[in-house]
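Structure, as structure tokens:
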Amino acid sequence: MASLKISAYHQRIARHYNRKVKPRCISVGDLVLRSLEAAGKGPQRNKLSPLWEGPYMVASMVKPGTFKLKDGDGKMLPRTWNIKNLRKYYQ
């Protein structure tokens, strides 16, 4: 009986969370900012440092939610980036 109540509780919590989540729509050709923490530049940061760097252009989609980026000069960045570490850039 307890495990049934726990699973019902988890379903209610998941339903509540999923109602508030907004999907991120990023496509090829969009300008994005990338997280400095994900880029591995975290230790030398201080309280007033920026959290995002860019803008970068989305060059290709490797699989849904994973992208290859290129900088303003057209040079490809060395690794793929997850959508969690990207933010759309608006001019």
Checklist outcome for this item: residue 49 vs (1) touching a Ser or Thr at 6+ places or on another chain (Cβ under 9 Å); (2) modelled with pLDDT under 90: all pass except (1)
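Inspect all residues belonging to segment 15-23 and state whether any of them is surrounded by 12 or more Cβ atoms within 10 Å (Cβ to Cβ) and modelled with pLDDT under 95.
Filtering segment 15-23 for residues surrounded by 12 or more Cβ atoms within 10 Å (Cβ to Cβ) gives none.
Checked segment 15-23: no residue is surrounded by 12 or more Cβ atoms within 10 Å (Cβ to Cβ) and modelled with pLDDT under 95.
Could you say whether any residue in segment 1-19 is of a type in the set (Val, Ile, Thr) and closer than 20 Å to residue 89 by Cα?
No, segment 1-19 contains no residue that is of a type in the set (Val, Ile, Thr) and closer than 20 Å to residue 89 by Cα.
Grab the strands (runs of 3 or more DSSP E) fully contained in segment 6-91, keeping just those with 3 or more residues being free of Cβ contacts under 8 Å to residues at least 60 places away in the same chain.
Numbers: elements: 31-35, 52-63, 66-70, 76-82, 86-88.
Hits in segment 6-91: 31-35, 52-63, 66-70, 76-82.
One line per residue, one yes/no per condition, for (1) surrounded by 15 or more Cβ atoms within 10 Å (Cβ to Cβ); (2) farther than 13 Å from residue 85 by Cα; (3) of a type in the set (Gly, Ala, Ser); (4) touching an Asp or Glu at 6+ places or on another chain (Cβ under 8 Å):
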| site | (1), (2), (3), (4) |
| --- | --- |
| 33 | yes, no, no, yes |
| 54 | yes, no, yes, no |
| 62 | no, yes, no, no |
| 71 | no, yes, no, no |
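The values are calculated or read from the model by the stated rules, or taken from the named source; none is laboratory data. On a predicted model such as this, the values are computed, not experimentally measured, just so you know. No Cβ is skipped: glycine too gets one built from the backbone with ideal geometry, and neighbour counts run over all protein chains shown.
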